[in-house]
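The values are calculated or read from the model by the stated rules, or taken from the named source; none is laboratory data. Keep in mind that this is a model prediction, so the values were computed, not measured. A quick note on method: Cβ atoms are made from the backbone with ideal geometry, for glycine too, and the neighbour counts reach across all protein chains shown. Surface areas here come from the heavy atoms of the whole protein model, side chains and all, with no ligands, DNA or RNA. Shrake-Rupley method; radii C 1.70, N 1.55, O 1.52, S 1.80 Å.
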There are 2 protein chains.
Amino acid sequence: MSKEALDAQARQELLRIAEAWYDQMVGGVVPSISLPTRTKQNLAFDETSEVWKYGERESLRSAHSAKSALHLLKMSYVIGFLKQQLIENRSSTLREMYYISEGWKKAKFHAQDESNLLIEDLEILTMLQREAFHLRPEEDGATVFGPIRLKEMTRRGVKEIHCQEDVGEAGYAIPNNVENLEFVDHDAKFVIAIETGGMYARLQENGFDEEYGAVLVHLKGQPARSTRRVLHMIHEKFKLPITVFTDGDPWSYRIYASVAYGSIKSAHMSELLATPQAQFIGVQPSDISDYDLPSDTLSERDVLALKSELSDPRFDTEYWRYQIGRQLEIGIKSEQQAFAARGLDYVTKEYLPARLSEMGVL
Amino acid sequence: MSKEALDAQARQELLRIAEAWYDQMVGGVVPSISLPTRTKQNLAFDETSEVWKYGERESLRSAHSAKSALHLLKMSYVIGFLKQQLIENRSSTLREMYYISEGWKKAKFHAQDESNLLIEDLEILTMLQREAFHLRPEEDGATVFGPIRLKEMTRRGVKEIHCQEDVGEAGYAIPNNVENLEFVDHDAKFVIAIETGGMYARLQENGFDEEYGAVLVHLKGQPARSTRRVLHMIHEKFKLPITVFTDGDPWSYRIYASVAYGSIKSAHMSELLATPQAQFIGVQPSDISDYDLPSDTLSERDVLALKSELSDPRFDTEYWRYQIGRQLEIGIKSEQQAFAARGLDYVTKEYLPARLSEMGVL
């Protein structure tokens with residue numbers, strides 16, 4: 001679809017919400033919207049797409065109550081702002097939109113969380129990504145390094161970039177709006193998404209990308225939507241295996257889960273953002289003892305997070321029940337950079353080749 | 001100096017420390033090292049370089065006490081590790097070095113802060129940057145967008161990159177080791193270093209870089225050493241004015257101070273990292289009322305931070321005493337993206353041109 005057609009569609013979908021309110025009022029009905037409940041309990045596995053999405057539970061916001069009426073008022077101001085932005089072909093950050101609401105009197109947002117949630121509501125109602133409304137998040141900065149070539153449609157023309165040959169050592173910086181990206185071709189065997197910058201640089205220094213035909217993607221901790229979308233796009237276009245290499249603690253398993261199954265916050269976008277075929281490399285609890293890695297005792301928060309994962313539908317598999325159970329038994333965790341205790345080459349010469357073979361990737 | 005000569009120098013300087021201990025012991029003296037005290041109270045202005053460095057106060061660590069003896073033991077292990085790393089032309093992250101110490105028995109580090117501080121000690125003793133020891137920090141991800149061309153000496157050959165033409169919208173990602181960068185030429189009038197990603201994207205979307213010949217540098221909050229070094233290098237090579245645009249709160253003034261005057265933690269590197277000619281754009285406390293910006297009340301922590309700045313030698317100027325005093329009076333703060341309340345173009349069409357003219361940059 002052309003950019004103009006996409007913009008027109010976004011405008012139409014946004015206005016459809018307001019039109020529905022108009023029709024309700026004309027018909028003598030108090031205007032309302034209905035949205036899925038956004039909690040862990042309302043995540044449901046979608047067999048077709050193999051991702052976790054919101055389930056059947058819905059909550060109704062009707063202008064019967066003053067609180068919900070105010071919510072609808074804010075939503076109509078936001079729709080008006082986004083409509084104008086689409087007409088003028090402008091864009092803005094979520095933060096800027098929060099500030100713009102300063103001029104909306106009663107509809108002014110009191111915290112950015114509130115405006116962010118409202119945008120997520122609009123995504124659910126329109127089934128479009130916020131990028132379609134020309135809204136972007138604050139920060140990004142995830143990077144890609146490896147044998148893959150892409151085209152980016154920028155405001156200054158189309159740039160064609162090879163993510164090994166045309167970039168510095170920090171790699172290609174993923175833009176806010178990855179819908180402007182097209183992956184052209186590659187000479188890779190698989191993608192490895194990496195939690196920490198230290199490990200990303202280690203694989204690059206050790207020439208792991210060249211030796212094994214790996215595309216390195218730096219997740220920068222909990223990955224931004226744009227990073228997850230890039231992994232999804234690469235997988236969809238080239239059918240390359242996607243692997244995820246993180247620290248060995250409950251917070252890192254959530255990083256993997258958000259890449260593979262979608263996140264609780266953006267479950268309405270799972271089909272676009274998640275890559276159910278993504279495989280977890282490690283650090284697995286079993287690796288900690290198998291490789292005798294330096295470790296730390298699990299904190300109380302870690303234990304609670306692991307237990308909470310046992311009730312998270314995304315982790316309801318034999319593999320994860322075993323790993324999480326094992327970690328609760330041994331009571332320790334390790335970071336991915338802990339392999340350095342066995343030498344700087346150990347991770348690329350021993351651990352990754354062995355583990356990736358075991359997983360069937362190499 | 002060639003890379004080989006630099007590596008040889010680093011090795012020599014590191015071994016010199018161990019040689020001094022050897023000589024002390026041979027001479028019947030208990031080995032020791034002397035280092036400047038690293039506190040705000042021991043910052044002194046260096047008239048020649050116009051940056052803040054550590055002053056005269058020193059603290060002695062002598063192997064007379066078990067605690068200091070252990071410190072010297074750790075230092076000798078680190079020196080041995082770095083010597084080997086330089087010989088093998090390898091590099092590692094600060095985190096990896098912390099893990100490598102696992103094998104050092106009594107000399108094992110118990111937290112990464114401890115190993116990081118020891119590396120800073122070695123920087124002070126050798127008068128070299130940690131990059132000379134082939135040590136790199138974890139993360140980076142700051143970016144540059146604008147009419148400037150550079151060469152990066154990577155492990156895969158020299159890459160020549162124009163930071164507008166050869167990059168995507170996210171810009172050129174600054175690598176960990178910026179000593180491998182050479183700035184080639186430019187078509188710019190000044191550099192604007194920006195705290196938030198939202199404002200960085202705003203200036204780019206509004207074409208501010210093209211209209212005013214500005215090189216945009218995204219600081220990503222408190223800037224990494226590599227980012228400050230890049231600003232210093234651009235200023236040194238091309239004599240371009242460096243300006244800093246941040247939020248209007250005490251934490252952001254520290255961002256400016258670390259760019260302009262050096263940071264308390266790395267005052268031993270101020271001559272390489274600081275750019276005393278860097279000018280603060282804002283958000284100034286006076287801008288908040290002049291532009292009627294959306295604002296928040298100063299928190300208790302903010303007030304304490306402002307008061308602490310009044311006793312920070314880096315802020316001991318008429319300008320800063322006035323601005324900080326004014327902010328304590330009005331009791332509010334504003335973010336740079338708050339200009340969005342006046343429209344998405346306001347910051348590039350009104351505020352920045354007016355303020356940069358007033359500063360003599362435009």
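Under the definition of partner shielding as Cβ atoms of other protein chains within 10 Å of a residue Cβ, what is the mean value for peptide B:93-105?
Partner Cβ neighbours, averaged per residue: 6.
Per the Debye formula with a single identical scatterer at each Cα and no solvent contribution, what log10 I(q)/I(0) holds for the stretch A:143-358 at q = 0.08, 0.13, 0.18 Å⁻¹?
Listed by q, the Debye log ratios stand at -0.28, -0.73, -1.32.
For the stretch B:149-244, which GluC sites (Glu not before Pro) are in a loop by DSSP, counting at most 12 other Cβ atoms within 10 Å?
B:Glu165
Setting aside same-chain residues fewer than 8 positions from A:Lys40, which lysines have a Cα under 27 Å from its Cα?
Those lysines meeting the cut-off are A:Lys53, A:Lys67, A:Lys74, A:Lys220, A:Lys265, A:Lys307, A:Lys333.
Along Cα→Cβ at 7 Å, what distances in nm separate the B:Ser32 label point from those on the other copies, shortest first?
8.0
Measure off 7 Å from each Cα along the Cα-to-Cβ vector at A:Ala44 and B:Thr297, then give the distance between these two points in nanometres to one decimal.
4.6 nm
Roughly how many whole Å is it from the C-alpha centroid of the stretch B:219-265 to that of the stretch B:179-202?
Comparing the Cα centres of the stretch B:219-265 and the stretch B:179-202, I get a distance of 11 Å.
To one decimal in nm, how far is B:Phe45 from the same spot in the other copies, if labels go 7 Å from Cα toward Cβ? Please give the shortest first.
Copy-to-copy label distances at B:Phe45, shortest first: 6.8 nm.
In whole angstrom, and with the biggest value first, how far do the Cα coordinates of the stretch A:184-295 range along each principal axis?
Principal extents (Cα only, largest first): 39, 33, 20 Å.
Using 0.36 nm times the number of residues separating A:Glu318 and A:Asn89, minus their current alpha carbon distance, what extension gain do you get?
Full extension of this stretch gives 77.6 nm more.
Using the alpha-carbon centroid of each, what span in Å lies between the stretch B:1-64 and the stretch A:84-136?
54 Å
Taking the label point as lying 7 angstrom from Cα along the Cα-to-Cβ axis, what are the distances from A:Ala5 to the corresponding position in the remaining copies, in ascending order and in nanometres?
6.2
Between helix B:300-310 and chain B, what is the angle of the helix's C-alpha long axis to the longest principal axis, kept within 0 to 90° and rounded to the nearest 10?
70 degrees
Computed on alpha carbon atoms, what radius of gyration and Dmax characterise the stretch B:3-136, expressed in Å?
Cα-based Rg and Dmax for the stretch B:3-136 come out at 15.4, 45 Å.
So what is Rg over Rh here for the protein assembly as shown, counting just Cα atoms and using Kirkwood for Rh?
0.97
Roughly how much of B:Phe238 is accessible, in Å² to the nearest 10, using a 1.4 Å probe?
My reading of the accessible area for B:Phe238 is about 40 Å².
Determine one quarter of the surface area of the Cα convex hull of the stretch A:94-220, which equals its mean projected area, and express it in nm² to one decimal.
Projected over every direction and averaged, the Cα hull of the stretch A:94-220 covers 9.8 nm².
Among bridges DSSP assigns within chain A, what percent are antiparallel (round to 5)?
Looking only at bridges with both residues in chain A, the antiparallel portion is about 65 percent.
On a full-extension model of 0.36 nm per residue, what is the gain between B:Met127 and B:Gln12, subtracting their alpha-carbon distance, rounded to one decimal in nm?
40.2 nm
Take the alpha carbon gyration tensor of the stretch A:261-305, find the square roots of its eigenvalues, order them as a ≥ b ≥ c, and report rounded if a/c is under 1.5; if not, report prolate when a/b exceeds b/c, else oblate.
oblate
Sequence gap at least 6, Cα distance under 8 Å: using those rules, report the relative contact order of chain B to the nearest whole percent.
Computed value for chain B: 14 percent relative contact order.
Scan the stretch B:37-124 for GluC sites (Glu not before Pro) in coil per DSSP, keeping those whose Cβ has at most 10 other Cβ atoms within 10 Å, and list them by number.
B:Glu47, B:Glu56, B:Glu88
Starting from the exponent 0.38 and prefactor 2.2 Å, build the expected Rg for the stretch A:221-347 from its residue count and divide its actual Cα Rg by it.
1.08
Along its principal axes, what span do the Cα atoms of chain B show, with the longest given first and each in whole Å?
Cα spread of chain B along its principal axes, largest to smallest: 70, 49, 37 Å.
Between A:Arg326 and A:Glu211, with labels modelled 7 Å along Cα→Cβ, what's the label distance in nm to one decimal, could you check?
That separation, rounded to one decimal, is 2.5 nm.
Can you give me the long-range amide H partners of A:Thr143? Hydrogens built in the peptide plane at 1.01 Å from N, cutoff under 5 Å, separation of 5 or more residues or another chain.
Counting only residues 5 or more places away or on other chains, the set is A:Ile174, A:His218.
For chain A, what is the calculated [θ] at 222 nm in deg cm²/dmol (nearest 500), taking -39500 (n - 2.57) for each run of four or more DSSP H residues and dividing by its residue count?
It comes out at -12500 deg cm²/dmol, rounded to the nearest 500.
How big is the stretch B:193-251 on each of its three principal axes, counting only the C-alpha atoms and giving the largest first in Å?
Extents along the principal axes: 30, 28, 17 Å.
Could you tell me the relative contact order of the stretch A:185-337? Use alpha-carbon pairs under 8 Å, at least six residues apart, and round to a whole percent.
24 percent
For the stretch A:33-75, what is the Kirkwood hydrodynamic radius in Å, using each pair of distinct C-alpha atoms?
11.8 Å
Might you tell me the accessible area per residue for the stretch B:161-278, computed with a 1.4 Å probe and given in Å²?
In whole numbers, the stretch B:161-278 has 27 Å² accessible per residue.
Quick one: 3J(HN,Hα) in Hz for the stretch B:176-188, Karplus 6.51/-1.76/1.60 with θ = phi - 60°, rounded, Gly and Pro as x.
Computed from phi, the couplings for the stretch B:176-188 are 4, 9, 7, 5, 8, 9, 10, 7, 8, 7, 7, 9, 10 Hz.
Taking H as built 1.01 Å from N, whose amide H comes closer than 5 Å to the amide H of A:Gly55, not counting residues under 5 places away?
Those qualifying (amide H under 5 Å, at least 5 residues apart or on another chain) are A:Leu43, A:Ala44.
Please figure out what share of the DSSP beta bridges in the protein assembly as shown is antiparallel and state it in percent, rounded to the nearest 5.
65 percent
Considering only DSSP beta bridges whose two residues both sit in the stretch A:143-358, what percent are antiparallel, to the nearest 5?
In the stretch A:143-358, DSSP labels about 60 percent of beta bridges as antiparallel.
Using Cα-Cα distances under 8 Å and only pairs 6 or more residues apart, what relative contact order does the stretch B:3-136 have, in percent?
It comes to 27 percent, rounded to a whole number.
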